[in-house]
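These notes concern the structure reproduced below.
The values are calculated or read from the model by the stated rules, or taken from the named source; none is laboratory data. Small disclaimer: the values here were computed from a predicted structure and weren't measured. FYI the Cβ positions are ideal-geometry reconstructions off the backbone, even for glycines, and counts take in every protein chain you see.
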Amino acid sequence: MSQFKAVTIRKDEAGVQSVGFATLADEDLMPGDVTVRVERSTVNYKDGLAVTGRAPVVRRFPMVPGVDGVGVVEESASDLYAVGDRVLINGWGIGETHCGAWAERARWKSEWLLPMPAGFTSDEAMAIGTAGYTAMLAVLALERHDIRPSSGPVLVTGASGGLGSIAVTLLADLGYHVVASTGRPEQADYLKELGAAEIIDRAELAAPGKALSRERWIGAIDAVGGQTLANVLSMIRYDGAVAACGNAGGLDLPATVAPFILRRITLYGIDSVYVPKAIRLVAWDRLDRDLDRAKLARATTRIPFASVIDAAREIVEGKVRGRLVVEIG
Ligand code: NDP
């Protein structure tokens, strides 16, 4: 394949961004030692930010978005991968500084790739994608803090989104009492099917609150940030912890130190993009062991490549439920 279809984000001389499908050639591929025929990708919130230009995610133009991909190695100058190997990629700046996976063909660095985890199909690996593997990184952070199912209830914010859906599923199946915060009451049945024991309205966490509020949860996985995260911190039980993963509700954090110094709580930062390979392998191994494939399928919608730009616009409007798998080729 010397020519291939890709989504590109371009910026003109006046700084105006445009997005569309383009036919690219091999000379458009960026430096790397492994060339991959992409089979599947996903739509993550970050892809939505890139496509809409709502946040400065893209730092090189033109850019092919898509922070997750699976595919088959077509050319390799690396000892790690041979032609025909199936590989997985999440993050490392693809879709931001290096062309990503919304293309039939991509060239990446071998150190960014993982061998396709044996326990997953391509569709399942992308149904998990960055959002799902980040949810597992957050679960691992709570476990490191020794938060166990018997410790008390755990909150998930942005619960019906991609990261939230996988976090609810993982925590519930591990035995935690999961409280799901959502702005979409019509998704209550869906969240209960994934394992949520209680549903709360995200409006409860949205207004400016007190420095310390009633202690409610021993832990939380937060996809929202902003005032929501500040309020969650004020409601965490003594010695509890929060894994801060996202900013769907804002990048700011209008909080006080009170919960830290009076309730000894901990705030863990979760990053999926530059996490070392060893930690990724642990997360994917735990996903293989702990994630219910039927619930994963329940949380997943497959979309054709042609719909990916529209889907990216919808995700930043909070209109996407669960995870989207993009059929590239
Ligand atoms: P989704 O859009 O699928 O999920 C976000 C959810 O947050 C929505 O479904 C909605 O849930 C809720 N939400 C949306 N807008 C608002 C708002 N204005 N106020 C409060 N809640 C809101 O995105 P992803 O699951 O892909 O990502 C979630 C977040 O995590 C994003 O901010 C993303 O950038 C971040 N992220 C970070 C990673 C990292 O490495 N740290 C990796 C992956 C994602 P509901 O309708 O149920 O309320």
Completion exercise
Across region 151-202, the tally of residues that are of a type in the set (Phe, Trp, Tyr) and over 18 Å from Met235 (Cβ atoms) stands at 1
Practice task
Evaluate the following for Leu80: is it over 23 Å from the mean Cα position of the chain (by Cα), at negative phi, surrounded by fewer than 22 Cβ atoms within 10 Å (Cβ to Cβ) and among the aliphatic types (A, V, I, L, M)?
Solution key: yes
Practice task
Look at Ala243 and say whether it is in contact (Cβ under 8 Å) with a residue 40 or more places away in the chain, near the ligand (Cβ under 10 Å from one of its atoms), small (Gly, Ala, Ser) and assigned to a loop (DSSP other than H, G, I, E, B).
Solution key: no
Practice task
Considering only residues that are charged (D, E, K, R) and not in a strand (DSSP E or B), look in region 210-240 and name the one that is nearest to the ligand (Cβ to nearest atom).
Solution key: Arg216
Handout entry: Filter result for Val87 (β-branched (Val, Ile, Thr), assigned to a strand (DSSP E or B), surrounded by fewer than 20 Cβ atoms within 10 Å (Cβ to Cβ) and at pLDDT 95 or above)
Key = no
Problem - Check on Ala159, of a type in the set (A, V, I, L, M, F, W, C) and within 15 Å of the ligand (Cβ to nearest atom) - result: yes
Exercise for the section: Residue by residue through region 180-206, note down the ones that are within 12 Å of the ligand (Cβ to nearest atom), in contact with a helix residue (DSSP H, G or I) (Cβ under 7 Å, 6 or more places away or on another chain) and among the small types (Gly, Ala, Ser). Expected result: Ala180, Ser181, Gly183, Ala196, Ala206
Practice task
Kindly indicate which of Glu124, Glu75 is touching a residue at least 40 places away in the same chain (Cβ under 8 Å), at negative phi, buried (at least 20 other Cβ atoms within 10 Å of the Cβ) and charged (D, E, K, R).
Solution key: Glu124
Handout entry: Tabulated pairs, region 198-215, first more than 21 Å from Gly152 (Cβ to Cβ), second within 9 Å of the ligand (Cβ to nearest atom) and in a helix (DSSP H, G or I), C-beta under 8 angstrom, 6+ apart or interchain
Key = Ala206/Gln227; Ala206/Thr228; Ala207/Gln227; Pro208/Gln227
